[in-house]
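Report on the structure given below.
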Amino acid sequence: MTDPTSIETAQITFVVDGEEVSVPDNGVSLLAALRGRLGVRAPKAGCNPQGQCGCCTVLVDGAPRVSCVTPVRRIAGRVITTVDGLAEEDRERWSDALLATGGSQCGFCTPGIVCRLEGLRSKNTAADDLDAVDRALAAHLCRCTGWQTIREAWSMVVSGSSVVERARGEERNFDDASRRATIEGHSTQQVSADVVLGRGGFSEDTAPLDSLVAVPDGEGGWVVADSLTEARALAGKVQGRHGTTSPEPPLALPEGEWELTMRTGWVEPAYLETDASWCEPGGEPFTSLANGGAFGGKSTTNVGQVARELAYEHRQAIRVVLSREDVVRDGPKRPPIAAGVRADGSGVIRVVRTEGIAEAIRNIAPQFVVEEVDVVGPPTSVDIRGAGVAEAQILLAALAAKNADESGDNNAHSATVTSAEGASATVAIGLDGVVRVDLKCGRVLDAIVLRSYAIGAVHMALGWVTSEGLSVDEDGMISDLTIRSFGVLRSADMPHVEVTLHEEDSEPVNGSDAVFAATAAAVWSAQGWPTDWPTGRSVLSNARVAQ
């Protein structure tokens, strides 16, 4: 297969991480040239070519640039630096700081963020100028960490704080850290400097450079070509778009007299590494990493099986890659609900029909009647973080908060959730704008990792209640295909979070799921229990307090 645009009639020469390179002037982006032609895997493709997630950020003559929307012909004669090309001392300083704060979980977004912040540091920005950091991070999306630990890492690096001992000291057991991360992520996770620097083994980073590339053809089949650029062109890939309508919950409330009512809409998991796999003929497919936030974890897809079949058919290694638009259109969403709860804690939860959802809700809250409803819309999955379970927990925790509020005992708007595993999380939305988390979940194992996952859970919950949602039309088609349209909270929108961890003499269990539900209940209570989510209000808006 030959790409007619790849005829090397002209060459573009530039420097990448200290090495002079040349690529054909064939109209591709800098990211495509780096990853596809040169095998430079540090910059990641999270939304390519939307230019909205920041994962592909590199330094061009020392200035941060989003490489997926930068034509390679504009780079002639310039110097490109990825996170791998930073001075060793600077690279280690960033990885140590991010390890010390828990500022990286999956590591997919981190190389781009490090390049962005290194560019900011070169301007002699002060360690405590967090407004400047927030403005810089506005070009990025992180689903895992909740931003705070990234800001903390910035302050450590720029202030010159010694972080090596804290991050790598003998007192820290990285096996325990990885175990805690695995418990919180519900899948095998690793905590290491390599993960921080984006070297954790993402599918697209490990594929042979000469692999063929397969992308969906839009009709249930696959287009196979020599490069991702060619495959997408042949498939007629349409650039992502942002709808003009607001997200609306699809279900009507159940009939009855209710103390509290809630309606949620379609929510995109928004994991940054899109579904991808590669396979050699007769081999086993290498699939996407489970590491990362994504509302708790990635849903399984068929890309591995497709890679296996296409590799056998073409007798060559095949990469199967979904675009951001493919994932949004075809990937499973959180099942929307419409629910009412009575003063005695009983109620009705109506939920978009989803395999396993009714059983999951009844297991945690048997006092609720569950009604599954057929709705035209995107696929849903019970594997999305706490699907159904969290909603039931939120309704009950918010009911308790409402009762306490009416008795004058809940000025901080707190909510407590105890998980089926026995973890207990109390989250308080303070009048000072601080979110306070009190968490018990067995042996801590690694306080840095557990704190990071707790802050990440706060971030996910705040966005879910206030800003996240997809517009879906009457035909079930999603109109929001750009990554920025999902409503994930920016760094500047994230309140400060204080986390108190309690060491217990019991087996460690997941704690961040309880934090997730308790945070949602607390911020919903702080906003006065509006029925429809997202509420469209700022995270800490509370008319009653303002009065």
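What follows draws every value from the coordinates through simple rules; no lab data is involved. Here the structure is a predicted model, which means the values were calculated and not measured. Heads up, the Cβs are rebuilt from the backbone with ideal geometry, glycines too, and the neighbour counts pull from every protein chain shown.
Within the shell defined by Cβ-Cβ distances under 10 Å, the residues around Glu507 carry a net charge of -2, with Lys and Arg each +1 and Asp and Glu each -1.
Working from label points 7 Å from Cα in the Cα-to-Cβ sense, the Glu474 to Val434 distance is 5.1 nm.
Summary of the geometry: region 61-108 and region 111-137, compared by the centres of their Cα atoms, lie 12 Å apart.
Amide H contacts of Val373: Val351, Val352, Arg353, each under 5 Å away and 5 or more positions distant or on a separate chain (H built 1.01 Å from N in the peptide plane; Pro and chain starts excluded). Between Glu20 and Thr245, full extension at 0.36 nm per residue minus the direct alpha carbon distance yields a gain of 76.2 nm. Between the C-alpha center of region 175-202 and that of region 324-367 there is a gap of 29 Å. Label sites at Arg362 and Asp131, each approximated as a point 7 angstrom past Cα along Cα to Cβ, lie 5.6 nm apart. Estimated at 0.36 nm per residue, the fully extended path between Asp217 and Ala138 surpasses their Cα-Cα distance by 25.1 nm.
State, as an integer percentage, the relative contact order of region 85-205 based on alpha-carbon contacts under 8 Å between residues 6 or more apart.
41 percent
By the count of other C-beta atoms within 10 Å, a proxy for reagent exposure, Ile183, Ile318 are ordered fewest to most as Ile183, Ile318. Once both labels are positioned 7 Å from their Cα atoms along Cα-to-Cβ, the gap between Ser538 and Arg74 label points is 3.3 nm. The DSSP beta bridges internal to the chain are antiparallel in roughly 70% of cases. Once C-alpha pairs closer than 8 Å and six or more residues apart are averaged by separation and normalised to the residue number of the chain, the relative contact order reads 15 percent. Over the chain, DSSP H runs of length four or greater, each weighted -39,500 (n - 2.57), average out per residue to a 222 nm ellipticity of -9000 deg cm²/dmol. Between Glu171 and Asp90, the C-beta separation translates, for a Förster distance of 30 Å, into a calculated FRET efficiency of about 0.75. Of all complete DSSP H helices in the chain, those with a Cα span along the helix axis of 18 Å or greater and a mean Kyte-Doolittle hydropathy of 0.0 or more are 389-406, 447-466, 512-526.
Shape of region 4-81 from the C-alpha gyration tensor: oblate (a/c of 1.5 or more and a/b not above b/c, with a ≥ b ≥ c the square roots of its eigenvalues).
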